[in-house]
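**Q** Below you'll find the structure I mean.
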Amino acid sequence: MSDQDSSVGVNGGACCRVRRSIQCFGFHEAECDGCGSEGEEGRSVGELLLPQYALATGGLARDHRPLITFPDNSNFHLLSPAEYRRLLLYLTSVPSLLEAEMGFHIIIDRRKDRWNSVKTVLIRISEFFPGMIHSVYVLRPASFLQKALSEVSSKLFKEEFRFRVLVCSCIEELYEHFDRSQLTPDLGGELQYSHSEWIQQRIALEKFSTLMKEISTKLDDFMHEIVDCDMGNDPTQTKELLDCQETRYKALKTELATATSQGEELLTQVRKPNLTYNIISHVAAVERLLVQLDETEKQFDNFWQKHSTKLNHWLKFRTFLLNFKQMQATLDNHLKTACDMTEVGETASRVDSLIQEANDFEKLCNCDLDTASTVIDDGETLMKDPLSSVDHIESKCEELRRTSALLIDKIQKRNLLLTKARELMDRIDKANEWCATGVEILAGEGGLIAVDKLLEDAKSFGLTAPEEFRDMLLQSATQETRALVAQVAQRVEDVWLMVSVKRASLQRAAARPARPVQSVPPQSAALPLPVEQSAFHTQGELCPVICYHWSLQKLVMFDNSTNETRN
């Protein structure tokens, strides 16, 4: 530090600058080896504390400002300017930051020394003091000659300094400004100061402070690293990153817990009742360190909570996008397959095979549709997170909903089509069976009861009128089954017509009264009846016998084709 900077320090401006320059991350305690660079001449702070050139005993003035004492050891002249600065930087860092900002009281004890030594100390202080000086109290030399010199000299240079200088003839004058409990016995006080105890505890404090600095540096490095890290676009990479960072976070938390335990143990040691009064300042220092450690840990936890929340959200978001892409591709493939499933089948067995195929496909699709629904639910949950891009996620969910709805509609239409095809095959089979039964009745000697039962059985497969039955079949027919439907409808119409004719004939025969038996001459039996009466008309209607002969060839062909259809 230059002399120009030193002069500013007397006004108090350098206090904050110096203190900030030696602060650890989150802590305010200075280190013994941290004052002065390695290239500077002279001894380390640890070596400079032993000769007691200056002391920070922990005493306070009545206005609660901290006290720095320059004891009367006749060795101050052995300090080089660099060593003086190094020592004062350390001693002024011992009080709390709040106390240091209030300013310092300084006692210069030179009762056994010469007045020239007083001037040397005052000049050094005026040139450099790392803090604000409230007052300087000088216990002037007690010898007759030096006392006389001090009375003359103090009046001459007292005004040269920018801080207040009070020259005291005796220690009793100090009591106006200091309580005796805050002064050491050499100043007539009651503060039982042990310099060796003070140094031992300062060593423990500095070790603890160094540990804090190391941990704080690790925390600082870790936080800067994870803030600037690339979270990745692949969920696997993001998960690995999160696991790695969480492991490091837990390791740092363990170090923090260990440091806290060490600090609490140190606090127990400095609170031992057999120690001297001056250790109160060290108790306060350890308490400050522990409070600052606790605050640092809370800030670290808060930072990690925000970061891990952000990283976890990013992991969920990337996982959602990956699941969306996979499910969208899967549903698109299912949709393409569903669009290609157009065959209906021309036989009952083929339709049954297609129905089984459709059922298996539907089970496969339902499994993937359930997964897609889960992905949509995850997206909707993700949208509730304030970190989410709602519009982007909503568009993906809507796309999955649309594709799922299209696939479900295709499956439902396919199932309905096959169900109707199966019903059509059932009707065709029943119609063919009915037609076969009708051919047997027409070719045999079935009576009116058999014919009526045949017509009644037609209702079981929707046949009440041939024209309506044809329309019903054609409505259920597809391009593949239209020819078959037309063929079956025609057969049904033919059999219906012939059965209806036979029924009419049987009804007329049943309604005709019985004729008496007459003998017929042999020659008259060979005579043909008139064509108009016997061959084509009976009371104006088509003769059933002629109808049978007219339809015989057609019945045989129908029966054969029916058997082929069954096969």
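**Q** Can you give the extra length, in nm with one decimal, that the chain gains between V390 and S44 once fully stretched, where that is 0.36 nm per residue apart less the Cα-Cα distance?
**A** 118.4 nm
**Q** Continuing with the same structure: Amide H neighbours of V138 under 5 Å, at least 5 residues apart or on other chains, H built in the peptide plane: list them.
**A** Counting only residues 5 or more places away or on other chains, the set is I108, L166, V167, C168.
**Q** Oh, and also: If we count every other residue with Cβ under 11 angstrom of K239's Cβ, Lys/Arg +1 and Asp/Glu -1, where does the sum land?
**A** So the environment of K239 carries a net charge of -2.
**Q** Kindly identify the range 45-191 as rounded, prolate or oblate by the Cα gyration tensor criterion: order the square roots of the eigenvalues as a ≥ b ≥ c, call it rounded if a/c is under 1.5, otherwise compare a/b with b/c, prolate if a/b is larger, else oblate.
**A** rounded
**Q** Holding the Cα-Cα limit at 30 Å, pick out from K250/K272; K363/K396; K306/K396 the pairs that are longer than that.
**A** Violating the 30 Å Cα-Cα cut-off are K250/K272.
**Q** Between D360 and A251, what is the label-to-label distance in nm when each label sits 7 Å out along the Cα-to-Cβ direction?
**A** 5.4
**Q** Okay, next question. Per-residue accessible area for M132 at 1.4 Å probe radius, Å² rounded to 10?
**A** 70
**Q** Using Cα centres only, tell me the gap between the range 421-460 and the range 62-102 in whole Å.
**A** Result: 124 Å between the Cα centres.
**Q** At a 1.4 Å probe, what is the % contribution of carbon and sulfur to the accessible area of the range 324-422?
**A** About 53 percent, which is the carbon plus sulfur part of the accessible surface.
**Q** Any idea how far apart F303 and K272 come out in nm if each label point goes 7 Å out from Cα toward Cβ?
**A** 3.7
The values are calculated or read from the model by the stated rules, or taken from the named source; none is laboratory data. Quick caveat, the model's predicted, so the values are computed rather than measured. Positions of Cβ are backbone-derived with ideal geometry, glycine not excepted, and every protein chain shown enters the neighbour counts. These accessible areas exclude ligands, DNA and RNA; they are computed on the full protein's heavy atoms, side chains included. Shrake-Rupley method; radii C 1.70, N 1.55, O 1.52, S 1.80 Å.
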